[in-house]
Structures are given as structure tokens and as C-alpha cells.
Amino acid sequence: MEYQVQENCLTIFLPREVDHHSAEELRKNADALIERNHIKYVIFDFEGTEFMDSSGIGAIMGRYRLVRLIGGEVWAVHTKERIRKILTMSGVTKIMQIYEEEKS
Amino acid sequence: MRNTNEMELIFDSRSANERFARVAVAAFMTQLNPTVEEVSDVKTAVSEAVTNAIIHGYEQEVHKVSMHCRIDGDLLFVTIKDTGKGIADVAQAMMPMYTSKPEADRSGMGFSFMEAFMDKVMVESAPGQGTSVFMEKRIGKGRSLWTTQSL
């Protein structure tokens, strides 16, 4: 998993499969970065992700709880249809914006 | 003769085995000629049940989780079983957004996902007795309609 910090924005490049196993690592690393860099915006990049279960939803909700305290936001980018289905079904889209690229 | 097949796996309750269980069930169900979406549905449901066994059943201790899969015609049956601490109130545990471990970043959506992606989900559990999750899904719904469609 790779992380990129730009000012107060953290981008998390998610792995191929986001489950309980990979979410644990994400949580540890992301929370350390959020605290150290006063992160306000967290972007979950699903470019390389093909599988996600409810552990991924829990990881998104947990990071939202952190940045919400300082008025931050969480975003999802590069979502495939399956990932959008999981995000929508879980209701996490109520707290997270899904960024859709404009189709040319 | 009916098309039947069966397999059983027993593995340690380590989080790395969540992926192993998903891959195994996906490989086993290919003989039903499923769609990509059906495979994803079953993988998600299995992932949820196995994760529950590891986190809640055994509370991260290493014991055995078993996964039993059976094919009968176009039906796929999957049972995930642990012998961990069990669930006192199954109805409450299955409620969307309910979690006994909110501090551990759990979304409380595990059973909801299983129910959404499988046709039937049944849970048998008692405190101290472990938990069994029985799931069933018909594979290839509507595909025959597609293949017989005339131009």
C-alpha cells in the first residue's frame, strides 16, 4: 500500500483486495500519517482494487471519524462498478464523496 | 444423474487465510460456470463469514475454521464454522450496523453483506459452542434465458 501526503491531504492507494487483513495495516499507517501531518482530507484511491468487503467499509468509517473532528472529508476515486456497489450498499456514501471523472 | 460435488477445508484463524478461503471457494464454484458477478458475490459473503470467525469467534486467537462447500445441481451451499465463543443474540448480531466491536473499526455490515449477496443465510450459534453460518446461492440465474434468446 502506498501513501502520499500533499499539505493537509492524504491519498491512500489501496491494495488489490481490501479485507480485514489489509485493512489492519492501512489503519496503523494511515492514522500515524493523519496525526503527524494534520491531515484534513483523506482520498481512497481504488485504481488497483478489485475486491472489498465490510472491513474496508469499517476502515473508511474509522478514518472519517478522525478527520471529521477538524471538519475534514473522505473521498473515493477511481472506483470500479463492483466497488461502487459495495460503497453504496453499505451506506458509507452518506459520509463519503465519490469522485467521478468526466467521460470524454 | 444430478451434478453434485463437495469439498471441505480446515485452516487456521489467521487473517491471511481470509484471502485463501475466497480463492478456494471461487475455484470450486467455477464448475457451475458462474458469471464474474456471482463469483464476486460468493467471495464477499465467504470473506465476511471467515472474518467474523477470526475476529469475533476466536477473538484473534489461532484455532481452526472450517469451510464446507457443496454443489447440487445449480445450487451452491457454503458452511463456515468455528468452535469459538459463539453469539448470545443472533438476531441482534445480524442487524445492519450492529457491531460488538465498534472500537476496532468494524462497520457492522458483515451479515448484511452475506444476506445481500447470497439467496439464503442461516446462523446457528450458542455462547461457548461456536458459530456455523449456512449460505446458499443459485448460480447461473437467467443465463439460459440469454443463451436461448433468438435474434
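The values are calculated or read from the model by the stated rules, or taken from the named source; none is laboratory data. Just so it is clear, the structure is predicted and the values come from calculations on it, not from any experiment. Don't worry about glycine lacking a Cβ; one is built from the backbone with ideal geometry, like all the others, and counts go over all protein chains shown. The accessibility values were calculated without ligands, DNA or RNA, using every heavy atom of the protein model including side chains. Shrake-Rupley method; radii C 1.70, N 1.55, O 1.52, S 1.80 Å.
For the range A:2-98, the alpha carbon convex hull comes to 79 Å³ per residue, rounded to a whole number.
Sparsely packed loop sites in the range B:25-119 (the GluC sites (Glu not before Pro) outside DSSP H, G, I, E and B with at most 13 other Cβ atoms within 10 Å) comprise B:Glu59, B:Glu61. The Cα-based radius of gyration of the protein assembly as shown, divided by its Kirkwood radius, gives an Rg/Rh of 1.00. Summed over both chains, the area buried between B and A is near 2000 Å², taken from the accessible surface of protein heavy atoms with a 1.4 Å probe.
Sorted from greatest to least, the principal axis extents spanned by the alpha carbons of chain B come out as 56, 29, 25 Å. Were the residues from A:Arg65 through A:Lys28 laid out at 0.36 nm apart, the gain over their Cα-Cα distance would be 11.9 nm. Within the protein assembly as shown, what whole-number % of the accessible surface is contributed by carbon and sulfur, with the 1.4 Å probe and all protein chains included in the calculation? Here carbon and sulfur together make up 51 percent of the probe-accessible area.
Label sites at A:Glu50 and B:Lys120, each approximated as a point 7 angstrom past Cα along Cα to Cβ, lie 3.2 nm apart. A Förster radius of 51 Å, combined with the Cβ-Cβ distance separating B:Leu75 from A:Lys40, puts the computed FRET efficiency at roughly 0.55. Counting Cβ atoms of other protein chains within 10 Å of each residue's Cβ and taking the mean over peptide A:20-26 gives 5. Per residue, the accessible area of the protein assembly as shown comes to 52 Å² when a 1.4 Å probe rolls over the protein heavy atoms.
Rounded to the nearest 20, the Cβ-based charge dipole of the range B:24-148 about its Cα centre (Lys and Arg +1, Asp and Glu -1) stands at 240 debye. Give the angle, between 0 and 90 degrees and rounded to the nearest 10, that separates the Cα long axis of helix A:20-36 from the longest principal axis of the Cα atoms of chain A. Result, in degrees: 40.
Taking R0 as 22 Å, what FRET efficiency do you get between B:Thr35 and B:Glu136 from their Cβ-Cβ distance, rounded to the nearest 0.05?
Efficiency computed from Cβ-Cβ geometry: 0.80.
Once the Cα atoms are used to define both axes, helix A:54-68 deviates from the longest principal axis of chain A by about 40 degrees. So in the protein assembly as shown, what percent of DSSP beta bridges are antiparallel if you round to the nearest 5? Taking every DSSP beta bridge with both residues in the protein assembly as shown, the antiparallel ones total about 70 percent.
The candidates B:Val36, B:Val50, arranged from most to least accessible area with a 1.4 Å probe in the full protein assembly, appear as B:Val36, B:Val50. Evaluated over the range B:4-140, the count of Lys pairs having alpha-carbon atoms less than 23 Å apart is 12 (only pairs 8 or more residues apart or interchain).
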